[in-house]
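Trainee: This is the structure I want to talk about, given as structure tokens.
The values are calculated or read from the model by the stated rules, or taken from the named source; none is laboratory data. Note that this is a predicted model, so its numbers are computed, not measured. Cβ sites come from the backbone with ideal geometry, for glycine too, and all protein chains shown count toward neighbours.
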Amino acid sequence: MNYYFVTGASKGIGKAIAEELLQDANNYVIGVSRTNALAHQNYRYQPLDFSDVAAVEHNLHKIFLAYPDAERLVLVNNAGVLGDIAYVGEEMPNEGFEFVFDVNVVVPAMLMNTFLHTYRQQNCAKVIVNISSGAGKYPVDGWASYCASKAAIDMLSQAVQLEQDKRGTGVKVFALAPGVVDTAMQGQIREADPQKFSAVEKFRNYKQNNDLATPDEVGRKIVKFLNSTDSYQEVILSVRDM
């Protein structure tokens with residue numbers, strides 16, 4: 001059996017990934033999110049609010065249970081938030097940085113740490129995929145906290161892969177950008193004030209011109225990637241290149 005831990009599995013890309021994985025009877029999915037939207041014999045739901053770091057710390061043991069029959073263990077850190085769209089030094093609340101970094105960096109790092117520690121002695125294939133963003137590579141006005149958090153997840157992925165290589169564990173770590181997808185986050189972006197996000201019109205045009213990929217399309221591509229991770233050597237990747 002292959003075991004997949006998918007965060008943010010209740011909607012958007014995370015839900016699409018989980019549903020696509022469950023098409024294969026040899027896959028078992030552990031969905032980690034605030035709410036549950038799936039029911040399947042090979043699906044286990046673990047409620048968790050990533051903005052509450054203390055609660056996450058106390059409940060990590062409930063996520064990574066013993067799976068002695070695992071042929072493959074895969075962690076997909078998909079859950080993420082855009083945060084406040086605002087210029088730093090103007091209407092950006094200080095607590096906004098903490099919220100974005102907790103959800104986008106701190107909790108994924110904790111999950112990676114616990115996943116690797118829990119299964120370090122288990123002799124099977126292990127993969128970590130952190131859902132990243134092009135915003136981690138190119139600055140976007142109004143998105144400072146989001147851009148910085150995704151840059152952090154890219155570097156975290158690279159550093160952890162380096163460590164796994166040094167230890168010779170065979171663990172593969174990736175930071176995968178999904179491209180522009182029609183999710184709730186895109187709706188938040190389109191509603192932004194142009195004075196706080198200069199490219200808002202471009203994102204409104206994506207929707208108007210049907211240029212947004214659907215979560216299902218991207219979910220299928222990501223699962224195809226998950227099934228062929230041995231073919232990829234680079235840590236930082238984009239679904240658009242697949």
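Trainee: What do you reckon, is V74 farther than 27 Å from T229 by Cβ and surrounded by 13 or more Cβ atoms within 10 Å (Cβ to Cβ)?
Mentor: Against the criterion (farther than 27 Å from T229 by Cβ and surrounded by 13 or more Cβ atoms within 10 Å (Cβ to Cβ)), V74 does not qualify.
Trainee: What number goes with the only condition from (1) under 21 Å from C124 (Cβ atoms); (2) free of Cβ contacts under 8 Å to residues at least 60 places away in the same chain; (3) not hydrophobic (A, V, I, L, M, F, W, C) that R72 does not pass?
Mentor: Tallying (1) under 21 Å from C124 (Cβ atoms); (2) free of Cβ contacts under 8 Å to residues at least 60 places away in the same chain; (3) not hydrophobic (A, V, I, L, M, F, W, C), R72 fails exactly one: (2).
Trainee: Also, I was wondering about something else. Answer with yes or no whether T7 is buried (at least 21 other Cβ atoms within 10 Å of the Cβ) and out of contact with any Asp or Glu (no Cβ under 6 Å at 6 or more places or on another chain).
Mentor: Here the answer is yes, as T7 does meet what is asked.
Trainee: Could you tell me how many of the residues in the stretch 196-222 are more than 16 Å from G179 (Cβ to Cβ) and either touching a helix residue (DSSP H, G or I) at 6+ places or on another chain (Cβ under 6 Å) or charged (D, E, K, R) (or both)?
Mentor: Total satisfying the criteria: 3.
Trainee: Additional query: Scan the stretch 23-41 for residues that are out of contact with any helix residue (DSSP H, G or I) (no Cβ under 7 Å at 6 or more places or on another chain) and surrounded by fewer than 18 Cβ atoms within 10 Å (Cβ to Cβ) and jot them down.
Mentor: Within the stretch 23-41, Q23, D24, A25, N26, R34, T35, N36, A39, H40, Q41 qualify.
Trainee: Need at least 3 residues that are at pLDDT 95 or above and closer than 22 Å to A184 by Cβ per element, so show me which helices (runs of 4 or more DSSP H) inside the stretch 1-116 make the cut, counting only ones lying wholly within it.
Mentor: Counting at least 3 such residues, we get 12-21, 94-101.
Trainee: Quick one: how many residues across the stretch 118-177 are in contact with a strand residue (DSSP E or B) (Cβ under 8 Å, 6 or more places away or on another chain), over 27 Å from N59 (Cβ atoms) and either without any contact (Cβ under 8 Å) to a residue 12 or more places away in the chain or assigned to a helix (DSSP H, G or I) (or both)?
Mentor: The qualifying residues number 3.
Trainee: Right, K166: out of contact with any Ser or Thr (no Cβ under 6 Å at 6 or more places or on another chain), over 30 Å from Y67 (Cβ atoms) and modelled with pLDDT of 95 or more or not?
Mentor: No; evaluated as a whole, the condition is false for this residue.
Trainee: If you take the residues in the stretch 135-185 that are farther than 17 Å from S238 by Cβ and acidic (D, E), which one is surrounded by the most Cβ atoms within 10 Å (Cβ to Cβ)?
Mentor: Restricting to residues being farther than 17 Å from S238 by Cβ and acidic (D, E), the top hit is D182.
Trainee: Count, please, the residues in the stretch 192-215 that happen to be part of a loop (DSSP other than H, G, I, E, B), surrounded by 12 or more Cβ atoms within 10 Å (Cβ to Cβ) and not hydroxyl-bearing (S, T, Y).
Mentor: Matching residues across the stretch 192-215 total 7.
Trainee: Moving to a separate point now. Evaluate the stretch 105-121: report whether one residue or more is within 22 Å of Y146 (Cα to Cα) and more than 20 Å from the chain's Cα centre (by Cα).
Mentor: There is no residue in the stretch 105-121 that is within 22 Å of Y146 (Cα to Cα) and more than 20 Å from the chain's Cα centre (by Cα).
Trainee: Hey, among V129, V160, V140, which residue is touching a Phe, Trp or Tyr at 6+ places or on another chain (Cβ under 6 Å) and not polar (S, T, N, Q)?
Mentor: V129
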